[in-house]
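Chemist: Encoded as structure tokens, here's the structure I'll be asking about.
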Amino acid sequence: MDECGIAAVLGTLDYEIFVLTAAHQERRNGQIVCWVVPATIVPQLPRILVGIGRTTFTHELIEASRAFALNLLGKDQWPLVAHFGFRSGRETDKFATLPCERGVTGSPILPGTVGYLECRVRIVFDAGPGAHLFYLADVIEGKILTNSSPLCLHQLPELLPPEDLATMRRLLEQDARCNLALLSKSSYQQQTE
């Protein structure tokens, strides 16, 4: 396997950055996601596939509510990456200092974003122990809010302050090591069964 060649091809892809929000009863949370893809070509049946970590607080809220919203960040909203991506909502209410509205699913909608999609979970795909969960969801509401350009993953190194960029890289490396260890353990268990 040519790991460098594979990395080069994958490196040409770009990923828009969303704040995925969810709520259940009085609990709410948001987290940064960039694994978001349309899952249909039929405009009358809009669907999205989104991947999130299985140990996140947001995952718990999605499981309880079976709904979430995707708030597409604009390039000028890069400070929200640290706000929603560098700490757990179990420890703090990430919305305490930010305005938001509840959408039709009850999920928080952030004002001033490029736009949002509200979704109801159709099915969950489990990529295996340690890997992300992928939610196939019906889009039931959506709206463009501004004429801004979306924030993309490749733009973060030039936009984030050095300390935030270092934190982001450290958290990504930590997640990768954890996922690799869990995937290796799962692979070993399958080989010994």
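Chemist: State whether the chain is rounded, prolate or oblate according to the following rule on the C-alpha gyration tensor (a ≥ b ≥ c being the square roots of its eigenvalues): a/c under 1.5 gives rounded; otherwise a/b larger than b/c gives prolate, and the remaining case gives oblate.
Modeler: In terms of gyration-tensor shape, rounded.
Chemist: Ignoring the sites themselves, what is the longest stretch of the chain with no chymotrypsin sites (Phe, Trp or Tyr not before Pro) in a DSSP loop and at most 16 other beta-carbon atoms within 10 Å?
Modeler: No qualifying site falls inside 87-193, the longest such stretch.
Chemist: Calculate the FRET efficiency for Ala127 and Leu159 from the Cβ-Cβ distance with a Förster distance of 25 Å, rounded to the nearest 0.05.
Modeler: Step by step, r from the Cβ atoms, then E = 0.25.
Chemist: Using θ = phi - 60° and the Karplus form 6.51 cos²θ - 1.76 cosθ + 1.60, what ³J(HN,Hα) does each residue of the stretch 91-104 get, whole Hz, x for Gly and Pro?
Modeler: So the J values, rounded to whole Hz, are 8, 8, 7, 5, 9, 4, 10, 10, x, 7, 10, 8, x, 5.
Chemist: While we're looking at this one, here's another question. Per DSSP H run of n ≥ 4, the term is -39500 (n - 2.57); total these for the chain, divide by its residue number, and report the mean residue ellipticity at 222 nm rounded to 500 deg cm²/dmol.
Modeler: Dividing the helical sum by the residues of the chain leaves -9500 deg cm²/dmol.
Chemist: Also: Amide H neighbours of Gly103 under 5 Å, at least 5 residues apart or on other chains, H built in the peptide plane: list them.
Modeler: HN-HN under 5 Å from Gly103: Ile109.
Chemist: Let me ask something else about it. Given H placed 1.01 Å from N in the peptide plane, which residues other than close sequence neighbours of Glu141 have an amide H under 5 Å from its amide H?
Modeler: Those lying under 5 Å, H to H, from Glu141 are Glu118.
Chemist: Okay, next question. Looking at the chain, do any whole DSSP H helices span at least 24 angstrom along their long axis by alpha carbon and average -1.0 or above on Kyte-Doolittle, and which?
Modeler: Passing helices, by number: 162-192.
Just so you know, all these numbers are worked out from the coordinates, no wet-lab data involved. This is a predicted model, so every value here is computed, not measured. Neighbour counts run over all protein chains shown; Cβ positions are idealised from the backbone, glycine included.
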